[in-house]
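Asker: Pasting a structure below so you can have a look.
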Amino acid sequence: MAKPSITDARSITADVILDVGKYYSAQQLRSLQAKLSGTAREIHSLTSGSHLPGRIGAHLSFEQRQLLEDAAKLIESVNTNIKHAKEKRSRVEDQAKRRQQARNAEAKRLVAETYLEPSVTDLEPLLDVLKTALTLNRADVFRNGYSPREFNLRLRDYLSPARTRKLIGWTSPNAFWINTVLSVRNDVVQAIEQEIAYDDGSSVRDRLDALKQKVSDCLARVYLSADEEETLRLWSQALSQLGPKEGDQ
């Protein structure tokens, strides 16, 4: 049996490359492929041609030039398998992207069905948005960078006289408060969509059911605090006293 050529990197298969480079993307493999291609070209340029590298390489012995040629061929052999590995990784990434896009669409649909957009003219749906946000934050589902106490104080601050005085001249307090509730809802919806769209092998609906169970378990242990209930009362008072006016957005 003929001995394999020293320039044939047959032991470095595409599967070997994907195994040792399991945390590298197709783009990173493409970048490595480009670097090796450039290296092989530079080595080839030392062994032939009338340009400066070739003229310098002409002073090497035949054996030395042959050694450089073999090195370039070895690099090209490795590079061929890197190309195959890149193509495999690219196909896997494309499949994962399409799967994630489908999960994102399913998550958006399920959340829209579960958390209906509130009417800005009805008090209870607006208050329910705030209660849901406080509850999900306490259950560590709505991760907005605030602790339950901090988030509660933030919602309370929107009702402060100092905030209200700043609104005079450009909008009504009622329009500001309604827009605040809708903004909170948007943040909550996005957080839930991201949570249930995460691909851990289970379905999007299963992740939504698990999220609901997590919230239920949390509420079974700890209800909203007295301060949080007071915040909801203050919001109820503010929104009920100032019904939507003509021209409010």
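Asker: Is there a residue being modelled with pLDDT of 95 or more, surrounded by fewer than 17 Cβ atoms within 10 Å (Cβ to Cβ) and basic (Lys, Arg) anywhere in region 191-212?
Answerer: Scanning region 191-212 turns up at least one residue that is modelled with pLDDT of 95 or more, surrounded by fewer than 17 Cβ atoms within 10 Å (Cβ to Cβ) and basic (Lys, Arg).
Asker: Of everything in region 193-217, what is small (Gly, Ala, Ser), part of a helix (DSSP H, G or I) and within 19 Å of the chain's Cα centre (by Cα)? Give them in sequence order.
Answerer: 197
Asker: Report every pair of residues separated by at least 6 positions or lying on different chains whose Cβ atoms are under 7 Å apart, first residue within region 148-162 and touching a residue at least 24 places away in the same chain (Cβ under 8 Å), second buried (at least 18 other Cβ atoms within 10 Å of the Cβ) and of a type in the set (Val, Ile, Thr).
Answerer: Pairs that qualify, where the first residue is touching a residue at least 24 places away in the same chain (Cβ under 8 Å) and the partner is buried (at least 18 other Cβ atoms within 10 Å of the Cβ) and of a type in the set (Val, Ile, Thr), are 152/231; 155/231; 156/231.
Asker: Still on this structure, I have one more. Inside region 218-244, can you point out the residues that are modelled with pLDDT under 85 and assigned to a helix (DSSP H, G or I)? Spell out the reasoning first.
Answerer: Taking region 218-244 as the starting set, the residues that turn out to be modelled with pLDDT under 85 are 218-224, 240-244.
Of everything in region 218-244, those that are modelled with pLDDT under 85 and assigned to a helix (DSSP H, G or I) turn out to be 218, 219, 220, 221, 240, 241.
Asker: Test of understanding: among 127, 123, 159, which residue is of a type in the set (A, V, I, L, M, F, W, C) and closer than 30 Å to residue 103 by Cα?
Answerer: When all the criteria are applied, what remains is 127.
Asker: Pick out, from region 105-192, the helices (runs of 4 or more DSSP H) lying fully within it that include 1 or more residues that are out of contact with any strand residue (DSSP E or B) (no Cβ under 6 Å at 6 or more places or on another chain), among the small types (Gly, Ala, Ser) and farther than 23 Å from residue 217 by Cβ.
Answerer: Numbers: elements: 123-138, 148-157, 161-167.
The helices (runs of 4 or more DSSP H) meeting that bar are 161-167.
Asker: Oh, and also: Based on what the data block shows, is residue 93 surrounded by fewer than 18 Cβ atoms within 10 Å (Cβ to Cβ), charged (D, E, K, R), in contact (Cβ under 8 Å) with a residue 40 or more places away in the chain and not in a helix (DSSP H, G or I)?
Answerer: Spelling it out, it is not the case that residue 93 is surrounded by fewer than 18 Cβ atoms within 10 Å (Cβ to Cβ), charged (D, E, K, R), in contact (Cβ under 8 Å) with a residue 40 or more places away in the chain and not in a helix (DSSP H, G or I).
Asker: Can we say residue 102 is under 30 Å from residue 200 (Cα atoms) and part of a helix (DSSP H, G or I)?
Answerer: Answer is yes for this residue.
The values are calculated or read from the model by the stated rules, or taken from the named source; none is laboratory data. In this text, all values refer to a predicted model and were calculated from it rather than measured experimentally. Cβ coordinates were reconstructed from backbone atoms using ideal geometry, including for glycine residues, and neighbour counts include every protein chain displayed.
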